[in-house]
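Accompanying notes for the structure given below.
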Amino acid sequence: MPAPSVESATESKPAWDDTETGGAKTLPVSIPEADSSTGCLEVVKKVLPDRSRVDNEKVLQLFVTLQLFTACYAGFTHGANGVSNAIAPLTALVALYRGDFDQSDPTPIYVLLFGVLSICVGLWCLGHRVIWTVGTHMSSVTPASGFCIEFGAAMTGLIASKIGLPISTTHCLVGSVVVVGSIKSGDGVNWFIFRNIVLSWVVTLPGAGLISAGMMALLRFAL
């Protein structure tokens, strides 16, 4: 039988066989290319809420008790900032009437009680409309999400009060409702109602200024 030629032996040897030169016989390994888009999608899926998840009833029952404390905390913060904003002009008028032009005296107790009584009457008469809009129509609030909403808004208001910044507690609560409603399970946020709320914030600033300026102009002509 004729011996195989050198050319045929060379052609039949695999390209990865390097035993003749003393190298190891290794198999070719194909490394798949990393798909960055797939990794990003996995991260996004973990961040986005699972709308189909059902809350545990026992956990929600636990947050019912905890939410009582956060509600008191939010009420304290609202009194420290929101009520202070409302009675500040009245306090200035009382100070001028009493001759305290530097306004160095503390706020009279009857002015504080007037602010507390006014906010309670307003809440009793028309507050239910705002409660239904923010707490039900814009986003469904559970005891667990309500705990987070009230705690976050109260912390923001308390820090602003400590610094001396007049902010709106309602704005803090609405912002908390929107963010918590966006990341929790359930129906999420009704963005149509949120848009109307933002538009009302924009309209009330010049609206209140024009009404106040009109009243001031009438008083100038009358006095």
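Every read-out reported here was derived from the displayed coordinates using simple, explicitly stated rules and does not represent laboratory data. On a predicted model such as this, the values are computed, not experimentally measured, just so you know. Here Cβ is always computed from backbone atoms with ideal geometry, including for glycine, and neighbour counts include all displayed protein chains.
Some values worked out for this structure:
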quantity: Difference of contour (0.36 nm per residue) and Cα-Cα distance, ILE211 to LEU126; calculated: 28.5 nm
quantity: Net charge dipole size for the range 57-189 [Lys, Arg +1 and Asp, Glu -1 on Cβ; Debye, nearest 20]; calculated: 200 debye
quantity: Value of Rg to Rh for the range 57-189 (Rh from inverse mean 1/r over Cα pairs, i.e. Kirkwood); calculated: 1.06
quantity: Selection from SER168, SER182, LEU113 lying farthest towards where the dipole of the range 57-189 points positive, charges on Cβ; calculated: SER182
quantity: J(HN,Hα) series, the range 144-157, from Karplus relation 6.51 cos²θ - 1.76 cosθ + 1.60, nearest Hz, glycine and proline x; calculated: 5, 5, x, 4, 5, 5, 5, 5, x, 5, 5, 4, 4, x
quantity: Rough spin-label spacing in nm, given labels placed 7 Å along Cα→Cβ, for THR136 and VAL54; calculated: 2.4 nm
